[in-house]
Amino acid sequence: MQGDDGTHNEAKPTDRPSDVVVPTRCSNCGSTHLTRDYERGELVCDECGLVLEEAMIDQGPEWRAFDAEQGEKRTRTGAPTTLTIHDKGLSTEIGWKNRDPYGKSIPTRNRAQLYRLRKWQRRIRVSNATERNLAFALAELDRLASSMALPRNVRETAAMIYRKAVARNLIRGRSIEGVVAASLYGSCRQCNVPRTLDEIASKSRIGRKEIGRTYRFMTRELKLKLLPTRPQDYIQRFCSELKLKGEVQTRANEILKLATERELTSGRGPTGVAAAAIYISSVQCGERRTQREVAEVAGVTEVTIRNRYKELTEKLGLRVML
C-alpha cells in the first residue's frame with residue numbers, strides 16, 4: 001500500500017500497546033501480506049484490499065529528529081529508572097554550576113542561598129537508615145564495577161541482588177563492602193561475564209575468603225540459580241589481554257570442546273584449563289606466549305598450567321612443537 005508521498009509502509013505491530021491484538025492475517029482471503037498506511041491510519045490487505053483496521057493511533061512522538069542532538073533537545077522525558085541509584089533516579093538534583101537556566105552567572109549574594117538548597121536537597125534524598133545504606137552500598141558498587149570495566153547489565157543485576165539482600169535483612173552482621181562484592185560476583189556469573197574471586201578481591205577492600213563466604217550465604221538464602229563457569233567463558237578475555245589473534249582463540253575453543261567431550265574439564269578450575277588451552281593454541285598457531293605470561297593474565301600459577309597442559313596433550317593426542 002502506498003501513501004500520498006509514494007512510499008511503501010509495512011505493517012508494524014509494535015506501534016500498538018501490548019494489550020491490543022493487531023491482526024496478522026486477513027480475515028477475508030487469509031493473506032499475511034498486510035500494509036499499514038500511516039497517512040490514513042489504516043491496516044490494509046495487499047491481496048484483496050480489505051481494510052482490517054482504521055483510525056489507528058500512532059503511539060510515537062509527534063516531533064521528528066534527524067540526528068541524536070535534535071532527539072535529545074526535543075524529547076520531553078527524563079532518564080530511565082535505574083536500580084544502581086538508591087532512589088532509582090526518580091528524584092531531582094541541583095547541579096553544582098552557579099548558573100541559571102539561561103546560562104547566566106548567579107550573583108554572588110545568592111550563591112550562599114543556593115549552597116544551602118543543595119545541602120538540604122542531598123539530606124532530603126536520603127531520609128532513613130535503609131536509604132543511607134543503599135546510597136553508600138550502590139556508590140561502592142559503581143566504584144567497584146567501574147574499576148573492573150563491567151557493563152551496565154551486570155551493574156543493574158548486582159544492584160537488584162543487593163536490594164533483595166537488604167529486603168531479606170541478610171546484611172546484618174556483615175560488612176557492606178563484602179555484600180556488595182558478593183552481589184557483583186553473583187551478577188557476573190548470572191550475566192555470563194565471569195570474573196574470579198581474586199579479581200574482585202583485588203579491586204575491593206575485602207579479602208577473598210570473606211567474599212566467598214558471603215556469596216555462598218547469599219546464594220543459599222536468596223536461592224540464586226547460577227550455573228558453574230566454563231573454561232570457554234574466559235577464552236575471549238584472556239586472548240584479548242594477551243593480544244592474540246582470532247585464530248588462536250578459535251583453536252583454543254576447539255581444544256576445550258574436545259576436552260569437554262572427553263570429560264577432562266570436570267573437577268578442574270576453569271581458569272587453569274582455559275589458560276592451558278590458550279598456551280597450547282598459541283604455540284600451535286605460531287604466536288607463542290610463555291607460561292608465565294599466560295599465568296599472569298589468567299591469575300593461576302605456572303605449575304597449574306603445566307599440569308593441565310600435560311593432561312590435555314596426553315589425553316587428546318595433541319602435537320605441540322616447543
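The values are calculated or read from the model by the stated rules, or taken from the named source; none is laboratory data. Quick caveat, the model's predicted, so the values are computed rather than measured. In this analysis, Cβ positions are derived from the backbone assuming ideal geometry, glycine residues included, and neighbour counts consider all displayed protein chains.
Checked against the criterion of being assigned to a helix (DSSP H, G or I) and either closer than 15 Å to ALA135 by Cα or among the β-branched types (Val, Ile, Thr) (or both), the candidates VAL179, VAL193 yield just one match: VAL179. Only residues that are acidic (Asp, Glu) and farther than 23 Å from VAL297 by Cα were counted across region 219-261, and they come to 2.
Tally the residues that are assigned to a loop (DSSP other than H, G, I, E, B) and in contact (Cβ under 8 Å) with a residue 24 or more places away in the chain, restricting the search to region 122-141. Quick ask: steps written out before the conclusion?
Within region 122-141, the subset assigned to a loop (DSSP other than H, G, I, E, B) is 126-128.
The next check asks that each one be in contact (Cβ under 8 Å) with a residue 24 or more places away in the chain; those that pass are 126.
Within region 122-141, residues that are assigned to a loop (DSSP other than H, G, I, E, B) and in contact (Cβ under 8 Å) with a residue 24 or more places away in the chain number 1.
Within region 198-209, the set of residues being in a helix (DSSP H, G or I) and buried (at least 18 other Cβ atoms within 10 Å of the Cβ) comprises ILE200, ALA201.
Here CYS188 clears all of (1) in contact with a Lys or Arg (Cβ under 6 Å, 6 or more places away or on another chain); (2) within 27 Å of GLU311 (Cα to Cα) except the condition numbered (2).
Cβ separations smaller than 9 Å between residues 6+ apart or across chains give no pair from region 268-281 residues that are touching a residue at least 24 places away in the same chain (Cβ under 8 Å) and outside the structural domain of GLY299 (by TED's automatic domain parsing) to residues that are part of a loop (DSSP other than H, G, I, E, B) and of a type outside the set (Asp, Glu). Scan region 98-121 for residues that are among the hydroxyl-bearing types (Ser, Thr, Tyr) and either in a loop (DSSP other than H, G, I, E, B) or at positive phi (or both) and report the count. Of the residues in region 98-121, 1 are among the hydroxyl-bearing types (Ser, Thr, Tyr) and either in a loop (DSSP other than H, G, I, E, B) or at positive phi (or both). Kindly indicate whether ARG216 is farther than 21 Å from ARG189 by Cα and either out of contact with any Phe, Trp or Tyr (no Cβ under 8 Å at 6 or more places or on another chain) or of a type in the set (S, T, N, Q) (or both). When the stated conditions are applied, ARG216 does not pass them.
Exactly one residue among PRO194, PRO228 is modelled with pLDDT under 90 and crowded, with 16+ Cβ neighbours inside 10 Å, and that residue is PRO194.
From the list ARG155, ARG216, ARG208, exactly one residue is closer than 30 Å to ALA298 by Cβ, touching a residue at least 40 places away in the same chain (Cβ under 8 Å) and of a type in the set (D, E, K, R). Which is it? Walk me through it before giving the result.
On the way: ARG216 fails: touching a residue at least 40 places away in the same chain (Cβ under 8 Å); ARG208 fails: touching a residue at least 40 places away in the same chain (Cβ under 8 Å).
Exactly one residue qualifies, and that residue is ARG155.
Restricting region 285-310 to residues that are within 30 Å of the chain's Cα centre (by Cα) and in a helix (DSSP H, G or I), the residue that is surrounded by the most Cβ atoms within 10 Å (Cβ to Cβ) is ALA298.
Quick grid of which residues meet (1) of a type in the set (A, V, I, L, M, F, W, C); (2) outside any helix (DSSP H, G or I); (3) not assigned by TED's automatic domain parsing to the domain that holds LEU170:
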site	(1), (2), (3)
ILE211	yes, no, no
SER240	no, no, yes
ILE255	yes, no, yes
VAL283	yes, no, yes
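Within region 67-96, being assigned by TED's automatic domain parsing to the domain that holds ARG152, farther than 23 Å from ARG155 by Cα and either among the small types (Gly, Ala, Ser) or touching a residue at least 24 places away in the same chain (Cβ under 8 Å) (or both) holds for ILE94, GLY95. Using the structure shown, decide if ALA145 is touching a Lys or Arg at 6+ places or on another chain (Cβ under 6 Å), assigned by TED's automatic domain parsing to the domain that holds MET160 and in a helix (DSSP H, G or I). Answer is yes for this residue.
Filter region 54-97 for residues that are outside any helix (DSSP H, G or I) and basic (Lys, Arg); which is surrounded by the fewest Cβ atoms within 10 Å (Cβ to Cβ)? Once the filter is applied, the top-ranked residue is ARG76.
Over 27 Å from the mean Cα position of the chain (by Cα), under 24 Å from ASP198 (Cβ atoms), among the hydroxyl-bearing types (Ser, Thr, Tyr) and surrounded by fewer than 21 Cβ atoms within 10 Å (Cβ to Cβ), is that true of SER266? Taking the combined requirement at face value, the residue satisfies it. Would you mind stating whether THR250 is modelled with pLDDT of 90 or more, within 22 Å of LEU197 (Cβ to Cβ) and not assigned by TED's automatic domain parsing to the domain that holds ARG189? Taking the combined requirement at face value, the residue does not satisfy it.
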